[in-house]
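First the structure, in the form of structure tokens, and then the observations on it.
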Amino acid sequence: MFSGQRYKDYEKPAGKYIFTVEKFLFHCLETGKFFLCLVAIYLMLTFAQKQNMTETIAYIKESLRDLYPSSEVSSLVRLIMERVCNIQPHHFLFCKDKELPESEKSRIHDIVERLKQMEPIQYILGTADFYSLQFEVDPSVLIPRPETEELVEQVILDNADQKIKILDIGTGSGCIAVTLRKHLKKASVIATDI
């Protein structure tokens with residue numbers, strides 16, 4: 001699933017050649033050493049089952065480093081680990097040796113593959129953060145922008161404790177209307193979309 005990156009390397013005694021377990025398996029098949037093939041299969045299955053969080057984070061970073069700026073890769077790692085593995089960034093160090101279940105590894109692999117196709121992480125995860133709230137998003141709605149958060153914050157600051165009427169036309173995810181209604185208790189908010 002992770003293209004051999006998580007398998008341990010096999011080194012010949014001379015130290016000149018390094019093989020992945022997969023390459024070792026093919027080598028054994030080519031040379032007719034079937035017992036060694038069984039050993040290689042055992043190693044593949046053993047190491048495929050055991051991938052800890054540190055290795056998973058390294059896999060994500062390595063897979064995306066040529067496609068995204070390093071700061072964005074760090075943000076993507078944080079989001080993936082939070083949403084898929086339910087591990088908060090401040091727990092990364094404590095959970096570094098935690099082995100991930102196969103379902104989480106598979107989900108992470110799928111997410112990374114979609115990110116390689118430049119699909120927005122919000123559409124992949126199905127949620128977007130906006131003003132400390134989470135909203136469901138898909139390709140039929142726009143992803144909330146940081147600039148929109150700034151606008152909403154200014155409306156909240158300018159209208160705290162005022163009885164105002166707000167109309168959000170083309171609401172999409174509803175992030176503007178819901179956030180304003182949550183923070184402006186006296187406001188009347190109407191949101192509409194097609």
What is the residue count in the stretch 69-86 for residues that are open to solvent by 20 Å² or more (accessible area, probe 1.4 Å) and in contact (Cβ under 8 Å) with a residue 40 or more places away in the chain? 2
Hey, SER63 hits all of (1) open to solvent by 30 Å² or more (accessible area, probe 1.4 Å); (2) closer than 21 Å to TYR123 by Cα; (3) of a type in the set (Ser, Thr, Tyr) but one; which does it fall short on? (1)
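This table checks each residue for (1) touching a residue at least 12 places away in the same chain (Cβ under 8 Å); (2) within 25 Å of ARG65 (Cα to Cα).
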{"site": "GLN88", "(1), (2)": "no, yes"}
{"site": "CYS95", "(1), (2)": "yes, yes"}
{"site": "GLU119", "(1), (2)": "no, yes"}
{"site": "LEU157", "(1), (2)": "no, no"}
{"site": "LYS165", "(1), (2)": "yes, no"}
{"site": "THR171", "(1), (2)": "yes, no"}
Checked against (1) modelled with pLDDT under 90; (2) under 30 Å from VAL189 (Cα atoms), PRO89 satisfies every condition except (2)
Scan the stretch 56-68 and report the pairs whose first residue is over 17 Å from ILE87 (Cα atoms) and whose second residue is open to solvent by 30 Å² or more (accessible area, probe 1.4 Å), with Cβ atoms within less than 7 Å and a gap of 6+ or a chain change. GLU62/GLN5; SER63/LYS116; LEU67/LYS116
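How do the strands (runs of 3 or more DSSP E) wholly within the stretch 119-194 filter down when requiring 1 or more residues that are open to solvent by 90 Å² or more (accessible area, probe 1.4 Å): which remain?
Ranges flagged: 133-136, 165-169, 188-192.
The values are calculated or read from the model by the stated rules, or taken from the named source; none is laboratory data. As the structure is a prediction and not an experimental result, all values here were calculated from the model. Cβ sites come from the backbone with ideal geometry, for glycine too, and all protein chains shown count toward neighbours. Each accessible area value is taken on the protein alone, full model and side chains, heavy atoms only, with ligands, DNA and RNA left out. Shrake-Rupley method; radii C 1.70, N 1.55, O 1.52, S 1.80 Å.
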